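Engineer: Sharing a structure here in structure tokens format.
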Amino acid sequence: MRIKRNRRFHAEVATSALSDIMFFLLLFFLIISTLANPNVINLMLPKAEAKETTNKQFISLSVTEDKHYFVDKQEVPFEELEAKLLEKLGTQKEQTIVVRIPYNLQVQDLVDLLQIGVRNKLKFVIATAKS
């Protein structure tokens with residue numbers, strides 16, 4: 001009796017590890033994309049014609065429409081804002097503070113912030129959106 005054996009070669013591709021690799025890549029790109037945008041607080045900035053940018057290190061001071069104040073993404077009450085800015089600056093008084101304030105907030109709110117800079121001789125810059 002003659003037994004016939006099947007000698008064909010069957011190619012297989014193991015895809016069990018592929019889903020793990022894709023998950024880790026997705027996780028990696030999600031983490032990197034959140035680090036790429038330093039100012040996560042979404043504000044509608046005023047528009048300006050000048051397109052000057054700063055390459056220096058700066059401290060971000062953001063104000064929301066309901067007057068919540070953030071120093072580098074940390075919420076600070078207005079009464080403690082001056083002390084927090086001076087603490088962040090330390091001895092580096094020449095460091096720039098970028099003020100990100102919505103276009104529809106009152107001018108008095110901006111003046112209140114700028115008076116902190118005048119009292120302490122700090123450099124304030126107002127952030128604008130490209131027009």
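The values are calculated or read from the model by the stated rules, or taken from the named source; none is laboratory data. Bear in mind that the values here come from a model prediction, so they are computed numbers and not experimental data. Every residue, glycine among them, receives a Cβ derived from its backbone with ideal geometry; neighbour counts consider all protein chains shown.
Engineer: Restricting attention to the stretch 62-74, report how many residues are assigned to a loop (DSSP other than H, G, I, E, B) and not charged (D, E, K, R).
Structural biologist: Residues in the stretch 62-74 being assigned to a loop (DSSP other than H, G, I, E, B) and not charged (D, E, K, R): 2 in total.
Engineer: Which pairs turn up if I take residues in the stretch 111-131 that are closer than 16 Å to residue 85 by Cβ and look for partners that are hydroxyl-bearing (Ser, Thr, Tyr) and surrounded by 11 or more Cβ atoms within 10 Å (Cβ to Cβ) with beta carbon separation below 7 Å, at least 6 apart in sequence or on another chain?
Structural biologist: 123/96; 125/96
Engineer: Only residues that are of a type in the set (Phe, Trp, Tyr), at pLDDT 85 or above and under 14 Å from the mean Cα position of the chain (by Cα): list them for the stretch 51-82, please.
Structural biologist: The answer is 70, and nothing else.
Engineer: Give the residues of the stretch 75-131 that are part of a loop (DSSP other than H, G, I, E, B) and either touching a Ser or Thr at 6+ places or on another chain (Cβ under 6 Å) or of a type in the set (D, E, K, R) (or both), sorted by residue number.
Structural biologist: Those that are part of a loop (DSSP other than H, G, I, E, B) and either touching a Ser or Thr at 6+ places or on another chain (Cβ under 6 Å) or of a type in the set (D, E, K, R) (or both): 93, 94, 121.
Engineer: Before we move on, is residue 47 at pLDDT 80 or above, surrounded by 10 or more Cβ atoms within 10 Å (Cβ to Cβ), within 22 Å of the chain's Cα centre (by Cα) and basic (Lys, Arg)?
Structural biologist: Criteria not met by residue 47.
Engineer: Now a separate question. Restricting to the stretch 83-98, name every residue that is at pLDDT below 85 and among the hydrophobic types (A, V, I, L, M, F, W, C).
Structural biologist: Matches in the stretch 83-98: 89 only.
Engineer: In the stretch 15-39, what residues are of a type in the set (Ser, Thr, Tyr) and modelled with pLDDT of 85 or more?
Structural biologist: Filtering the stretch 15-39 for residues of a type in the set (Ser, Thr, Tyr) gives 15-16, 19, 33-34.
Of everything in the stretch 15-39, just one residue is of a type in the set (Ser, Thr, Tyr) and modelled with pLDDT of 85 or more, namely 19.
Engineer: Could I ask something else about it? Take residue 101 and tell me if it is closer than 19 Å to residue 47 by Cα and either surrounded by 12 or more Cβ atoms within 10 Å (Cβ to Cβ) or modelled with pLDDT under 85 (or both). Let's see the steps before the verdict.
Structural biologist: Details: closer than 19 Å to residue 47 by Cα: yes; either surrounded by 12 or more Cβ atoms within 10 Å (Cβ to Cβ) or modelled with pLDDT under 85 (or both): yes.
Yes.
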